[in-house]
1. Could you check how many residues of region 194-232 are touching a Lys or Arg at 6+ places or on another chain (Cβ under 9 Å), under 30 Å from SER144 (Cα atoms) and at pLDDT 85 or above?
2. How many residues are open to solvent by less than 70 Å² (accessible area, probe 1.4 Å), out of contact with any Lys or Arg (no Cβ under 9 Å at 6 or more places or on another chain) and not small (Gly, Ala, Ser) when one looks only at region 260-285?
3. Return the pairs, sorted by first residue and then second, in which the second residue is open to solvent by less than 20 Å² (accessible area, probe 1.4 Å) and not aliphatic (A, V, I, L, M), the first residue lies in region 31-60 and is under 18 Å from PHE173 (Cβ atoms) and free of Cβ contacts under 8 Å to residues at least 60 places away in the same chain, the beta carbons are less than 7 Å apart, and the residues are 6+ apart or on different chains.
4. Looking at region 77-96, which of its residues are modelled with pLDDT under 70 and part of a helix (DSSP H, G or I)?
5. So, restricting to helices (runs of 4 or more DSSP H) that lie completely within region 157-253, which ones have at least 2 residues that are hydroxyl-bearing (Ser, Thr, Tyr) and open to solvent by 20 Å² or more (accessible area, probe 1.4 Å)?
6. Could you please tell me which pairs satisfy a Cβ distance under 7 Å, a separation of 6+ or placement on different chains, a first residue in region 261-285 that is under 19 Å from ASN214 (Cα atoms), and a second residue that is open to solvent by less than 20 Å² (accessible area, probe 1.4 Å) and of a type outside the set (Gly, Ala, Ser)?
7. Based on this model, can you work out whether PHE56 counts as under 22 Å from MET180 (Cα atoms) and open to solvent by 20 Å² or more (accessible area, probe 1.4 Å)?
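The values are calculated or read from the model by the stated rules, or taken from the named source; none is laboratory data. Here the structure is a predicted model, which means the values were calculated and not measured. Here Cβ is always computed from backbone atoms with ideal geometry, including for glycine, and neighbour counts include all displayed protein chains. In case anyone asks, the SASA skips ligands and DNA or RNA and just uses the protein heavy atoms, side chains included. Shrake-Rupley method; radii C 1.70, N 1.55, O 1.52, S 1.80 Å.
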Amino acid sequence: MTIQHKMILSEAKDYLFIALGLFIYTIAFTVFLMPYQIVAGGVTGLSAIIYYATGFHLENTYIIINGILLVVALKILGVKFLMKTIFAIFTLYFMLMIAQDLIPKQENGLPFKLMGEGQDFMSMIIGCVLTGVALALVFMNNGSTGGTDVIAASVNKFHPNVSLGNVLIAADFCIIGSCMFFPQFGTYLERAHKVMFGFCVMAMENYTLDYVMNARRQSVQFMIFSQKWQEIANAIGTEMNHGVTILDGHGWYTGKKSKVLCILAKKNESVYMFRLIKMIDPNAFVSQSAVIGVYGEGFDEMRVKIKEEKKKLEEDQES
């Protein structure tokens, strides 16, 4: 398979998973959040607030606001990101429109309450966990649902150490707080109740987003003590294409010298790693520990800015 074919398949996979994420988001929003008039963050949440207060169609507000924000995406994030953003915006627009037409309505015009009367809190938990997973799925495949996601992705591009969840929390805080300015939501106490529910959605949704995003990048460190260290090192190097560091060890009790294998790997590779070790030496002593971050070849890039003076000095030293 040529590099061009691999790139096409990779792009197709991205669009497929973005569409899947948007489908999950649509179901979560229209089935679990809208029926109970639960407010949420993002442009979708702002569109829902306007819909609850004025009756103006949610999907229309969504497409208008995102049309303006697309200009920002073009300048900061580039054409490639913009194409997927346009795809996501229009896909979500049509999905929201179709979902509202298909789902049975209550007397007030909102989708029917799947969880039943008085189940606002339970519906909120299910809904915001699903929206968090959906947003993570979109982000992990180089996409965006537009709106505040564009703002979050833009900030993350220039400040990689700022998590997407934190940026979304700041934007969502302002959007959810806007409920206090709509008299249609009732008294100040009723509006405050709606805002507090919205903050719960915001916290759970963004926690889920960060959890799913970071779980994919989690790394672990293995320390392997075995008499068959050479066979294990060869197997890991050839079967898993992993680098292995060999350390000199000295047993305090036995007084014997030994070799210790040190390996950094992705968390999802742990099962295969254990399987290889057990096949070669079932009596091997293995220590597995989680690490905060692994940077370098085969892992994450060190996304920190180096001052121009220091960079120039290093270049001069090399020359």
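1. Qualifying residue count, region 194-232: 1.
2. Total meeting the criteria: 9.
3. SER47/THR61; SER47/TYR62; ILE50/THR61
4. First, the residues of region 77-96 that are modelled with pLDDT under 70: 77-81.
Of everything in region 77-96, those that are modelled with pLDDT under 70 and part of a helix (DSSP H, G or I) turn out to be GLY78, VAL79, LYS80, PHE81.
5. 188-215
6. LEU264/VAL294; ALA265/VAL220; ALA265/PHE222; ALA265/MET273; LYS267/VAL220; SER270/VAL220
7. Here the answer is yes, as PHE56 does meet what is asked.
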